Structures are given as C-alpha cells and as structure tokens.
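The values are calculated or read from the model by the stated rules, or taken from the named source; none is laboratory data. The structure displayed is predicted, hence computed values, not measured ones. With ideal geometry, Cβ positions are generated from the backbone for all residues, glycine too; neighbour counts draw on all protein chains shown. With ligands, DNA and RNA removed, areas are computed over all heavy atoms of the protein, side chains included. Shrake-Rupley method; radii C 1.70, N 1.55, O 1.52, S 1.80 Å.
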Amino acid sequence: PLGQAEWIKFIGLLLGVEKEGNERFAAIEKRYNELKELTADGKVKKRPIVFSGELRGGNWYAVGGKSFLAQLFKDAGADYFLKDDERSGGVTLDFETVYNQADDADFWRIVNSFSGTFSYEALKEQDPRYADFRAFREKGIIYCNMKNTPFYESMPTEPEIVLADLLHIFHPDLLPEHEPVYYSRLK
C-alpha cells in the first residue's frame, strides 16, 4: 500500500524539498509497518471477514483480491471476501454472487457521497436485500461519507491513518484510544 504514498518523494523533489519529502515518507512507512505488525503472525485471535461495495445500476462494484484495499484489510488483520481473486482493479458482480460470498461477513465497507445522515435505514431504503447481510444485521458497517471527508484526495498520502482506522474497527483492543479519521462504524 505504501506505493501510493511514494509520490510524496516525487513532489518533494519537484518543489526542491526532497529531504522533507523523504523524511515524511519514511515516517509514514515506519508507522504503517508498526501498525501492520500488531496483526502479523497470528497475533490476533480472529481475522474478521470484510466485503466492500454497493449496487449501482444493478451491478455490484468492488475491487479484486490483489488490490490496495484488499492489502489494507489484510494488514489490518481481516480477510477480504475476494482475497483469492487475482485482479487488482475493479470487479463487477451481481447481487447473488456477492450475497453468496459475503452473507456471513463480519464487516461491510462503504464509501459514498450521501446527502444528510447515512444510516442503516437509509441503506435499507436503497435496497431492502441489504438488510439480509450479517454485517448489516449485526451493525458491522464501516463507513466513510466523502461529502464530509476528502477520502480520495487525502487517503493516498495517509495509508497509516487508514490502517489505524481499520485496526480500531476490526480489533478495538489494539488501538482503543484511536480517533477515526476516514472510517468509522455506522451507528
């Protein structure tokens, strides 16, 4: 995942602050690896299963098992529902396929732009079948509203913060004092 943050070095070089860019990158990399180590080598008792995406125009859009997102989930001590998928980019699925593979998942990650307050009820209004997922029934939705958070603008340069958010959700005992920045559990 740190490959996305390497542009910091490049920008630093272009702006004549190469040293500061390299130092910033090294700090991000160090913190990310420290957090990743918290879940390495069986250090967590349970690796929750997480799925991602929503229906759009009758298709479910997610990413493959070799994606940046799948790696983040792995580093946060979770298993992505498409972890065995060899694709790194977008994956289009039908609802039945997703339900078959994710009906018992512990968490469901959603990033969207929602006017107003996003809630379980608002999600169910989008498609009543959403309420059938275990992650919905047991309040395991991980959410980021891009209307309130500059997710795609800032997240690529802060993978250590995104990882901390996910660790806090998947394994709250590991980072009990963490204040979420990008992701939090939907209430």
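Overview of values
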read-out: Under Karplus coefficients 6.51, -1.76 and 1.60, residue-wise ³J(HN,Hα) of the stretch 43-56 in Hz, glycine/proline x; value: 6, 10, 6, 9, 9, x, 9, 10, 10, 9, x, 8, 6, 9
read-out: Inter-part distance where the stretch 22-41 and the stretch 68-139 are each reduced to a Cα centre, Å; value: 26 Å
read-out: Amide hydrogen neighbours beyond the local backbone of TRP108, cut-off 5 Å, H modeled; value: PHE51, ILE141, ILE142
read-out: Signed unit charges on C-beta, dipole axis of the chain, positive-most listed residue ALA62, PHE95, ILE141; value: ILE141
read-out: Cα-based helix-to-principal-axis angle, 159-170 vs the chain, degrees rounded to 10; value: 40 degrees
read-out: Rg(Cα) / (2.2 N^0.38 Å) computed for the stretch 88-169, rounded to two decimals; value: 1.18
read-out: Test item: Cα-centred dipole of the chain, Lys/Arg +1 and Asp/Glu -1 on Cβ, debye; value: 120 debye
read-out: Placed amide H near VAL91: partners under 5 Å, 5+ positions off or other chain; value: ALA62, VAL63, GLY64
read-out: Highest average packing first - 166-176, 27-37, Cβ atoms within 10 Å; value: 166-176, 27-37
read-out: Solvent-accessible heavy-atom area per residue, rounded to whole Å², over the chain at 1.4 Å; value: 53 Å²
read-out: Accessible surface of the chain [probe 1.4 Å, protein heavy atoms]: carbon and sulfur percent; value: 50 percent
read-out: √(5λ) per eigenvalue of the Cα gyration tensor, the chain, largest first, Å; value: 29, 19, 16
read-out: Using a Förster distance of 25 Å, the FRET efficiency for ALA26-VAL181 (Cβ separation, nearest 0.05); value: 0.75
read-out: Cα long-axis angle, helix 18-37 against the chain (0 to 90 degrees, to the nearest 10); value: 40 degrees
read-out: Kirkwood Rh in Å, taken over the stretch 72-115 so that all alpha-carbon pairs contribute; value: 12.3 Å
read-out: For the stretch 112-126, Karplus couplings with θ = phi - 60° (6.51, -1.76, 1.60), whole Hz, Gly/Pro x; value: 8, 10, 10, 7, x, 9, 6, 8, 4, 5, 4, 5, 5, 5, 5
read-out: ³J(HN,Hα) computed for each position of the stretch 58-74 - Karplus, 6.51 cos²θ - 1.76 cosθ + 1.60, integer Hz, glycine/proline x; value: x, 10, 9, 9, 9, 10, x, x, 10, 8, 4, 5, 4, 5, 4, 4, 4
read-out: Rounded to whole Å, sorted largest first: equivalent-ellipsoid semi-axes of the stretch 136-177, Cα gyration tensor; value: 20, 16, 7
read-out: Net charge of neighbours whose Cβ lies under 14 Å from the Cβ of TYR99, counting Lys and Arg as +1 and Asp and Glu as -1; value: -4
